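Accompanying notes for the structure given below.
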């Protein structure tokens, strides 16, 4: 048995002592370690980009666990690709060489963000982490974090407070601004990040906000790799396969994709050399992924949970759910997409189901449903809105909303408990108490959709049909 990840034959062979921080990443979780950090590791294994080492930053109290896990193994960790045929492909990733826990090291975080060698600050803070209103897109100036960071800008607590303060210091020192790169599943994620950073700056320093708008680049990108939560069984399996304990390994599917706008004024790693698509316009790729893959994940979650299904691969293999999902993609989602250069959308959809049915990944529907309050307004409702504007079909997307509302009540159609993963139960209960459209009255999620007569009436019809016919019968009727 080897004594550490560093001594594993799978460990990186490049000189990690020669690495310097070029990227500060906020929100180091499984996805970042399976995706962005993996691409950088590929470059470093080719003898390149050692000046683009990653310094991770944890902002939340719970991030102390990540700090401790990485610090105990020289910031190395294992990444295991789980193939559908059951075989595993494991490597040890070394591109993260530092980690700062912001609640206990504010100045340390700001120092590394201010260093001239740091040229990119990247983010995976989840779809709901940008403090913007889903209905209006505006920055939420009334949130506790935004108000704190506006009142005490030199003592930030949020990602955007840190970015604003670091940019203020860089401007004062005559250091070129870094590029802010969101890697979250958001439509126009660069634009959303710009809204959050500029909105935070404007609360305390309007002149700085104007400077940021004029001088800081916020490229959009599309990212894709299914990365489930690491389980105790994963930890045990990695230990057995590597012969060494990894405090927090990452497991994921083999597929990966990253489409990135080439807008980095102070430089970037040569990511195109390791499979990243550098493009002028990400929007077509982004809409494809959000409205096909992410929307399908929501479909699997909301229909599957009502049927008592636990895992995504089980839901994707269910004939009724699969037929309904393909019908939704074909009839309602795809007609509202832009042309996607170089992509065969028929093949893309087939690939989605190949990925979804990978039993080795064992992604839970509870994890997918957890993102529904922030995800449905970005993955599914834009398709509904686009079809309303174009007088296109909306019944399938609206039925998914009705299925979601029943799942929020916490009981599947067999009477078994559904894990509650969001705080929308009051709206679902209002609906259950006789208010036919109570759930869609949540304006933070649905905006003004409840005021649209066609959407509201279709929703009421689908909710009633679900209750009367049952989930499987309604899935079959809708797919036909």
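Mark the label point 7 Å from the Cα of residue 353 along Cα→Cβ and return the residues of region 73-94 whose backbone N is within less than 20 Å of it. Residues 84-85 qualify, since their backbone N sits under 20 Å from the label point.
By the count of other C-beta atoms within 10 Å, a proxy for reagent exposure, 100, 467, 33 are ordered fewest to most as 467, 100, 33. Using alpha carbons only, the radius of gyration of region 5-279 set against its Kirkwood radius gives Rg/Rh = 0.96. Against the chain, whose longest principal axis comes from its Cα atoms, helix 453-469 is set at around 70 degrees. Tell me, how many Å apart are the Cα centres for region 360-412 and for region 75-121? One Cα centre to the other: 32 Å. Remark: C-alpha extents of region 283-479 on the principal axes read 50, 39, 29 Å, sorted largest to smallest.
For the chain, the 222 nm mean residue ellipticity estimated from helices alone, with every DSSP H stretch of n ≥ 4 adding -39500 (n - 2.57) and the total spread over all residues, rounds to -13000 deg cm²/dmol. For the chain, the longest principal axis of the alpha carbon atoms and the long axis of helix 395-408 meet at an angle near 80°. When 7, 296 are sorted by how many other C-beta atoms sit within 10 angstrom of their C-beta, beginning with the fewest, the order is 7, 296. With one equal scatterer per alpha carbon and no solvent term, the Debye-computed log10 I(q)/I(0) for the chain at 0.07, 0.08, 0.13 1/Å reads -0.38, -0.49, -1.28.
Between residue 409 and residue 10, residue separation times 0.36 nm minus the direct Cα-Cα distance comes to 139.0 nm.
In this calculation the C-beta distance from residue 453 to residue 477 is compared with R0 = 25 Å, giving a FRET efficiency of 0.60.
Determine which residues of region 193-229 fall in the zone a paramagnetic label at residue 263 would reach in this model, i.e. backbone nitrogen under 13 Å from the point 7 Å along Cα→Cβ. Counting only backbone N, you get 193-195, 213-222.
Label-to-label distance for residue 425 and residue 231 is 2.5 nm, based on points extended 7 Å past Cα in the beta-carbon direction.
Zone of residue 247 (label point 7 Å along Cα→Cβ, backbone N under 16 Å): which residues in region 9-44? Backbone N within reach: 28-30.
Estimated from the Cβ-Cβ distance and a Förster radius of 25 angstrom, the FRET efficiency linking residue 207 and residue 105 is about 0.30. Residue order for 197, 471, 229, fewest other beta carbons within 10 angstrom first, comes to 229, 471, 197. Any idea what angle helix 36-45 forms with the longest principal axis of the chain, computed on alpha-carbon atoms, 0 to 90 degrees, nearest 10? That works out to roughly 40 degrees. In terms of its alpha-carbon gyration tensor, region 71-193 comes out oblate; a/c meets the 1.5 threshold, while b/c is at least as large as a/b.
Values quoted throughout were computed directly from the atomic coordinates according to the rules given, and no laboratory measurement underlies them. In this text, all values refer to a predicted model and were calculated from it rather than measured experimentally. Here Cβ is always computed from backbone atoms with ideal geometry, including for glycine, and neighbour counts include all displayed protein chains.
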